[in-house]
Each structure stands twice: as structure tokens, then as C-alpha cells.
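*Asks:* The structure follows.
Nothing in this text is a laboratory measurement; each read-out follows from the coordinates by a stated rule. As the structure is a prediction and not an experimental result, all values here were calculated from the model. Virtual Cβ from ideal backbone geometry, glycine too; neighbours counted across all protein chains shown.
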Amino acid sequence: MQSEICNLKLVIKSFGCQMNKLDTALVGSSLTKAGFALTDNVKEADVVLINTCSVREHAEQRVLSHLGHLKHIKESRPDLIVGIIGCMAQRLGEKLLEHEAVNIVCGPAQIPQIANLITEAIEQNEKKLAITERIRKPAPQHDSDALEEFESACRIEDKAIPAQAFVRVMHGCNKFCSYCIVPYVRGPEVSRPPHAVIDQIRKLADAGIKQVTLLGQAVNSYEYKAADKTWSLADLLAKAADIEGIDWLKFVTNYPCEKYFNNILRVMAGSPKVCPYLHIPAQSGSDKTLHAMNRRYTAADYLALLDRARDIVPAIAVAGDFIVGFPGETDADFRATVELVKKARYRNCFIFKYSPRPGTTADKRLEDTVPPEVKQARNVELLAVQQEISGELSRDFLGKEVKVLVEGPSKKPHLNAPENGASPQLVARTAGDWIVVFNGPASLAGQFATVKITKTSPLTLFGQLTSPVK
Ligand code: 5AD
Ligand code: SF4
């Protein structure tokens, strides 16, 4: 098999969340091992894989428009192999395979098979489908074993950002928020064995990784029953913090609930390696809407969790997600969301317009009543409220020194005007996930540094390098 695919050129395009980026890294490294050569150029590619997202309709439309483009390319290059992986592959399956441009459809749980699927598609000149038939059933043991083996064996260092990596601690989701497609495309919650996660982090540390972000759809639901004890995310963080070479640990995304909350916050308070950053989506500030979303807390419960988090870790930076224009959301419901955002004092918020997803309970039972222009206006208003708060919080940094992990040169060359000769504009982040921009040598990428903040905007801190630090 190896000889057939040796030297084939491969493009992987990735849409969606961190979980998808991690799958893209896994697939990329496994295919490189199998003999493929990665490229960014579709024109010279033999195989194009698209890792897809189904969370909002817009993300799916972008993939479909890409497929339109690839269909056009295939008219002159019929041998080009196009594979769809990820959430859209699982959601649409056979229907996606019918698309003229598509040769392979491979769900998130089937990515260990991707090299074989490509080889078979080429050798047999046939379309290939590999998805989970009954997505909410626990996976057969051999499939989970294959996934675990694949996950542990592949290198997942982030090529774009030196010294950082993402590590999945669990698959799937059991929360069934009524708007959300994830439980239907990523299947039931399965926590990875703690030793597998810890071994993986150790290997990453040996390879020079300094910051690891633990990933799960509701990462604080992590729970693994071993013979001697039940592991929570708090236990996992504490164990990971013992690993030499790992300096910063982050974890996303949290579901607002009591279970293990205090334990996780206490580990954060007690370990300088566990970054004081909590991404904890509220989605709405209206109890009526939260109930309709099947979120299992009230606005008051949520704010009480934030108060407690700030009691335990005073310096904590909190981030959130909101959906505006959920079915039945009235002006009064939206006002409640605005109030919650004002009280929560997030460092940053991600705000989305409700997008009905086929198969979810909200789509089946609730009419998409809020007109697009109202969704848009609420989105803009909530962003402005948050912008004000982010602006106030960022101004607190003026004149202070912050420790950052440098990601690399700014991706906006028009902003990349060196103040002093050859020193480019670098982008870095603090432990609280604030973005910091400053001029410094490109060799600082992947290193810690201290920066004195001289200017702020709501989302970015600007400053001057005071010293590189270990
Ligand atoms: N419409 C809009 N936003 C959604 N999200 C999840 N599902 C939908 C949907 N159907 C948002 C939630 C979640 C984030 C990843 O995406 O805010 O936290
Ligand atoms: Fe979707 Fe809710 Fe699970 Fe998050 S917790 S992935 S919003 S179902």
C-alpha cells in the first residue's frame, strides 16, 4: 500500500472548532507517516481532504461552495481524490457521497481508516463511505481501541504555533442542548484513560511543548472510573501539572455545572501551571430561553458559579459563548442576556446567531421565529456591550508587565510595521488568554517573554518586550 501512495501530494482544509483542528493534525501526521507529502496548493494536489463542521449552517455552506470549486477542477483533473471528513461527513453520509466532486466520506470516529480509504478509492476507482451507523450507541470495543491507538500514536504538535498542543481528554457529548448538532455527529461522551492522556502530554513535553490545552465538548464532565479511583478533570490537571517541561495548562470548553467545579478551581488556584482562564458558555441570560435550550441551570446559578470561581481564583479571566435569536427569544429575554453579560464581566465573548440544525430538538419542535434582521441587531448590540467591558478590563493592564507565551509573527502584515529596524510584530498570549502584540525577534516564537503594556484595545494589549524569560 505504501508504494501506491508514496509521494502523493495532499491538501487538508480545516473548518470549525479546536477539536476539528486536532483531528486535522492527527490525520495530517498519520498520512505523512504513510508517505503522503503535505502541500497548501490545491493545483498540485493529488488528494484534497476537507475536515468539516456542522455547528451552524454557514459552516456547511462554505464546504459546499468549496466542493463546487473542486468539481470544476475535477473536470480537467478527474483523478483528483476528494475526501470529506468530520461532522458533515457523519451528518450527511451517503448524501454527501452523491456529490459529483466527492470520492470519500469519513466520519470523526473513522479517521484511523483514512489512509486505507484513500488507497482503496484510488485502486478500486470507487467511492468510499465510512461513518458510524448508529451514532448514539456506544462504539464497539475494537473501534474505540483503534481510535485510542491512532490518537496516542500520531504527533499532534501544532505546526502553526510552536510549543503549543491540544490534547483530547474526551470524545462526544451527552448534554443534548436543544440547538446543538454535536451529540448527533460526535456520539456519546467517552473519557480517555488518564494514563493515555498523561503519556501523551509527557511525549509532547519531551518534544518541546510548553503549553497544552485539554479538549472536550464539556471538558469538565471528564470522568474515568479506574480500578482504584474515579478520575475527574481536576485530577487530570493536577497530574499533568507534575510533568516537567509543561509550563501552562488550559482546558476548554466548560459546561456550567456543580460537579467537580470547586475541585477544578482549587487545582487552578493551587498550581501556577493551570492557567487562570475559564471558558464557560452561558448561551443566554433568560431562564425561559435556557430551559428551552435544555441548559440545566438558571442565570442566577450561572452567576453564582462565576462568583465562586472568582472567590477561589481572584485573577481568573472568564470567557463565554452566547446564541442570540433562539426560537421564542423576546426583547425581554434578550435584555436578560444583556444584563447577564454586564454582570459576568467576561474578558471575551463569542456571539452566534441561532442557526437551526436538522435533527436537533429545537429544530424539530420550535419554529425559528426571530427574523434575521433582529438576530443581527441583537448580535451587534451584545458585541458592543461586551466590547465596552473588554475595553475596561484591558485598560487595567496599562503600565503592567505580563508574562506571555509567544505564538509568532503577526498574521496581519499591514500591521507589521517594525518600530525598530528588523524586529517584527509578534503575537503572544497571557495565561488568561489575552492577546498581546509587541515588537521582538522572530526567534521568540515558542518562548516565554515579559512585556510591558503601553496601549490597549478591547481585544488586544500592545506593549514593549522587557525580557525573554524561561
Ligand atoms: N446555532 C448557533 N450557534 C450554535 N452553537 C452551537 N449550536 C449552534 C446553533 N445551532 C454555538 C454555541 C456553542 C458554540 C460552539 O457554538 O454558542 O457554545
Ligand atoms: Fe453542544 Fe451543549 Fe454538548 Fe456543547 S454541551 S457540544 S452546546 S450539546
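*Asks:* With charges only on Cβ, +1 for K and R and -1 for D and E, what is the dipole size of the chain about its Cα centre, in debye, rounded to 20? Walk me through the intermediate numbers first.
*Replies:* On the way: 58 positive and 54 negative charges, 173 e Å.
It works out to roughly 840 debye.
*Asks:* Follow-up question, since we're still on this one. Sticking with the crude label model, points 7 Å out along Cα→Cβ, report the distance from S457 to E339 in nm, one decimal please.
*Replies:* Using points 7 Å along Cα→Cβ, the separation is 3.4 nm.
*Asks:* Still on this structure, please answer the following. Taking the mean number of other Cβ atoms within 10 Å as a proxy for protection, how do you rank 198-204, 48-54 from highest to lowest? Can you show the working numbers first?
*Replies:* Details: 198-204: 18.4, 48-54: 25.3.
Final packing ranking: 48-54, 198-204.
*Asks:* For segment 145-212, what is one quarter of the convex hull surface built on the Cα atoms, given in nm²? Don't jump to the answer; show the numbers that get you there.
*Replies:* Values: hull surface 22.1 nm².
That works out to 5.5 nm², a quarter of the Cα hull's surface.
*Asks:* Hey, another quick one. So which of K13/K364; K288/K375; K71/K364; K250/K342; K9/K127 end up more than 23 Å apart by C-alpha? Walk me through the numbers on the way to the answer.
*Replies:* Working: K13/K364 31 Å; K288/K375 18 Å; K71/K364 33 Å; K250/K342 25 Å; K9/K127 19 Å.
Violating the 23 Å limit, Cα to Cα: K13/K364; K71/K364; K250/K342.
*Asks:* Work out, step by step, the length gained on full extension between E244 and E123: first 0.36 nm times the residue separation, then minus their alpha carbon distance; give nm to one decimal. The partial results should precede the final answer.
*Replies:* Working: separation 121, 0.36 × 121 = 43.56 nm, distance 4.65 nm.
Extra length from E244 to E123 when fully extended: 38.9 nm.
*Asks:* Just to be sure I understand: if I project the alpha-carbon convex hull of segment 207-316 onto a plane and average over all orientations, what area do I get in nm²? Working shown, then result.
*Replies:* Numbers: hull surface 30.8 nm².
Over every viewing direction, the Cα hull of segment 207-316 projects on average to 7.7 nm².
*Asks:* Got the relative contact order for the chain handy, in percent, Cα pairs under 8 Å and 6 or more residues apart? Please list the in-between numbers first.
*Replies:* Values: 956 pairs, mean separation 44.5, N = 470.
Computed value for the chain: 9 percent relative contact order.
*Asks:* Rg(Cα) of segment 5-61 divided by 2.2 N^0.38 Å? Each step should come with its number before you reach the end.
*Replies:* Details: Rg = 12.2 Å, N = 57, 2.2 N^0.38 = 10.2 Å.
Working it through for segment 5-61, the quotient is 1.19.
*Asks:* Follow-up. State, to one decimal in nm, how far the label point of A377 lies from the label point of R310, with both points 7 Å from Cα in the Cβ direction.
*Replies:* 3.1
*Asks:* Ordered by packing density, taken as the mean number of other Cβ atoms within 10 Å over each peptide's residues, highest first, how do 377-386, 395-404 rank? Intermediate results must be reported in sequence, preceding the final value.
*Replies:* Working: 377-386: 16.9, 395-404: 15.3.
Top to bottom by mean Cβ count within 10 Å: 377-386, 395-404.
*Asks:* Ranked highest first by average number of other Cβ atoms within 10 Å, how do 180-189, 24-33 line up? List each step's numbers first, then the result.
*Replies:* Values: 180-189: 21.2, 24-33: 19.5.
Sorting 180-189, 24-33 by mean packing, highest first, produces 180-189, 24-33.
*Asks:* When only alpha-carbon atoms are used, what values of Rg and Dmax, in angstrom, describe the chain?
*Replies:* 22.7, 65
*Asks:* Roughly speaking, what is the centre-to-centre gap between segment 1-61 and segment 316-342 when only Cα atoms are used, to the nearest Å?
*Replies:* 36
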